[in-house]
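Structure first, then comments.
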Amino acid sequence: MNRTHLILAISLLLFSFSYGQQKDTIYGQVKSVREQLNFLDENQQNMKLFSDEGDYGHHGFSSPKFTKSRFYNWWYNTPFVHYSNYYKELNKKGKTTYEVWFYKNGDTVSFFNYKYDKNDNLIQIKETYEKEDYTVRNFNYNKKNKLASTIYYVSDDPNLYSYSEFIYDESDNLIQSKDFDEDGESFGTKYSFYPNGKIKEVFSHSPYKIKRENNKKVSFKDGIGSDKLNRKYIYNEHGDIIETNSFKDEFYSNDKPYIQGRTLKEYENRLLIKEMTLNRENKTERFTLYSYNEKNQITKEEKVIPEYPDNNLIYEYFYDKNGNQIKLIYTEKNNPITVEFEYEFDSKKNWTKQIKSVNGEKLYVWTREIEYFE
């Protein structure tokens with residue numbers, strides 16, 4: 001990997017993307033979708049942190065949701081791409097019922113089958129990755145249609161499983177999630193709320209407590225466990241988060257949690273214009289500035305790391321009259337790279353093809369075949 005790619009990879013770990021506010025709405029009653037990325041230059045393939053990684057990069061293929069999110073991030077926000085190649089079927093209510101993902105050579109990564117209850121709640125995801133090997137995650141809901149529990153197991157050893165339980169207050173606020181495995185309760189999360197229903201604090205919960213025996217720390221379960229403050233949120237009068245305090249929540253210490261970092265946000269006309277991260281010493285680690293057009297689409301992001309200015313990044317977004325992103329100017333080390341997007345649409349105004357060009361060279365083609373019920 002060359003130095004430019006390494007810097008980009010590290011920068012992407014430090015920052016989150018805005019997606020350029022590109023929408024991916026599909027109009028009409030969709031029956032199936034077939035999406036695939038193709039390469040116009042065999043020497044320009046999808047981004048990899050290390051050369052020996054597979055088609056789906058450093059993290060591999062972990063789930064359809066994560067893979068799609070990562071692909072969108074890189075497609076619209078960088079000169080590079082990740083890989084995507086799948087087919088899915090939907091019911092008439094727009095719920096995905098079947099999905100299959102592929103490698104570049106056409107081999108199958110995994111099959112996914114989805115089931116729903118009479119209220120259209122997702123109740124099962126079954127992933128099949130070999131003929132006889134699969135995983136299952138089941139979802140259960142309470143009388144108010146709130147997620148009550150999930151259970152996950154694998155076919156080759158059903159005795160190894162994970163189970164999660166979700167507890168709500170009288171206002172239907174989630175106040176605790178409890179995780180279990182084959183050894184009993186593991187870890188979980190608790191939440192407290194302001195009177196208006198906004199989350200105030202997040203606590204990490206452990207079923208263990210710590211005591212000292214022979215000058216050693218020993219963990220034990222007492223049926224109660226311990227809680228450590230993890231995050232605290234502060235809001236403005238509009239309900240927007242303006243400050244997030246992150247705490248050191250080490251369970252194997254009796255020290256009180258202390259703030260190890262803060263994130264501050266500033267708004268203008270209800271739009272986020274600045275996000276700043278401070279460390280324990282209240283020193284600015286990084287910040288991001290946002291600009292918008294008259295349609296409230298992001299037109300510019302400036303991501304700054306004061307201590308490491310070589311890692312600063314600038315994104316400038318341009319849109320057509322219909323709100324489609326048609327250009328990105330990606331600037332690193334004062335070196336601007338121009339990325340352009342061309343679209344083809346079907347009769348329902350859904351895009352069916354995008355071509356991504358980098359500095360005037362067409363490199364990538366993202367196709368989408370859509371079948372409709374009507």
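Quick look at the values:
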| item | result |
| --- | --- |
| Hydrodynamic radius by Kirkwood, which averages 1/r over all alpha carbon pairs of region 158-240, in angstrom | 14.8 Å |
| The chain: relative contact order as a whole-number percent, Cα under 8 Å and 6+ apart | 13 percent |
| Loop sites in region 251-335: GluC sites (Glu not before Pro), DSSP, at most 16 other Cβ within 10 Å | 281, 294, 307 |
| Radius 11 Å from Cβ of residue 358, net charge of other residues (Lys, Arg +1; Asp, Glu -1) | -1 |
| Paramagnetic reach from residue 118 (point 7 Å along Cα→Cβ, amide N under 19 Å) across region 135-161 | 139-148 |
| Rg over Rh, two decimals, the chain (C-alpha only, Kirkwood Rh) | 0.98 |
| Three semi-axes of the equivalent ellipsoid, region 93-141, Cα gyration tensor, whole Å, largest first | 24, 13, 6 |
| Rg/Rg_ref, region 113-175, where Rg_ref = 2.2 N^0.38 Å and atoms are Cα | 1.30 |
| Projected-area mean, region 222-366, by convex hull of Cα positions, square nanometres | 14.8 nm² |
| Relative contact order [Cα under 8 Å, 6+ residues apart], region 201-331, whole percent | 12 percent |
| Label point distance in nm, residue 36-residue 331, each placed 7 Å from Cα along Cα→Cβ | 3.9 nm |
| Extension gain (nm, one decimal) between residue 26 and residue 240, 0.36 nm per residue minus Cα-Cα | 74.1 nm |
| MRE, 222 nm, helices only [DSSP H, n ≥ 4, -39500 (n - 2.57), over the chain, to nearest 500] | -2000 deg cm²/dmol |
| Extension reserve of the residue 320-residue 167 stretch, reckoned as 0.36 nm per residue once the Cα distance is removed | 50.5 nm |
| Whole-percent pair-distance distribution, where bins are 5 Å wide, for the alpha carbons of region 27-151 | 2, 9, 17, 19, 18, 14, 11, 6, 3, 1, 0, 0 |
| Stretch gain in nm, segment residue 310-residue 269, where the contour uses 0.36 nm per residue and the Cα spacing is subtracted | 11.6 nm |
| Residue 146-residue 58 pseudo-label distance in nm [points 7 Å out on the Cα-to-Cβ vector] | 3.8 nm |
| Alpha-carbon centroids, region 272-321 and region 107-124: separation in whole Å | 38 Å |
| Alpha carbon Rg of region 187-295, scaled by the compact-globule rule 2.2 N^0.38 Å | 1.39 |
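Bear in mind these aren't lab numbers, they're just calculated from the coordinates by the rules spelled out. Values in this document were obtained by computation on a predicted structure and should not be read as measured data. Heads up, the Cβs are rebuilt from the backbone with ideal geometry, glycines too, and the neighbour counts pull from every protein chain shown.
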